[in-house]
Amino acid sequence: MACGESPGQNLAKVQSYEVIGNPPNVSVPTHFAKVVLAARPDFAYPQKPNPKDMTITSADSMKEIAMGAFILPNDQIPDTADLRTFITPGGLFY
C-alpha cells in the first residue's frame, strides 16, 4: 500500500496498446521519434580538405547547424499536415 492510499484503493494506471504476431506478443509503438541535424557549409571561405579527415565537410567549414526533434504518431499523417505541430518542446536549436 502506498503512502496516503486507503485500503482497497488502487492507484495503478493502465495503458493498452496493439500487439502483433502469433501468438500476439510484439508491441506496436504508438509514436516514434525523429531527430534531424542539418548543416550549411560556409562557402565564403575556401574549402581546404584535410587529407586525414574522411568526411565531406569539417567543422571549420560549417556556417550554420540546426537540429530539430519530433515525436510523430505511428499512423498515417496527411500530406497537408503542418509538421511543426510535431516538434518536441525545446527540440529546436539554432
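Structure notes:
- The conditions of being at pLDDT 90 or above and surrounded by 11 or more Cβ atoms within 10 Å (Cβ to Cβ) are met by Leu72.
- Flag for Gly4 being surrounded by 10 or more Cβ atoms within 10 Å (Cβ to Cβ), part of a loop (DSSP other than H, G, I, E, B) and at pLDDT below 70: no
- In region 7-22, the residues that are part of a loop (DSSP other than H, G, I, E, B) and modelled with pLDDT of 70 or more: Leu11, Ala12, Lys13, Val14, Gln15, Ser16, Tyr17, Glu18, Gly21, Asn22
The values are calculated or read from the model by the stated rules, or taken from the named source; none is laboratory data. The shown structure was predicted, so the numbers you read here are calculated from the model rather than taken from an experiment. Because the Cβ atoms are built from the backbone with ideal geometry, glycine has one as well, and the counts that use them run over all protein chains shown.
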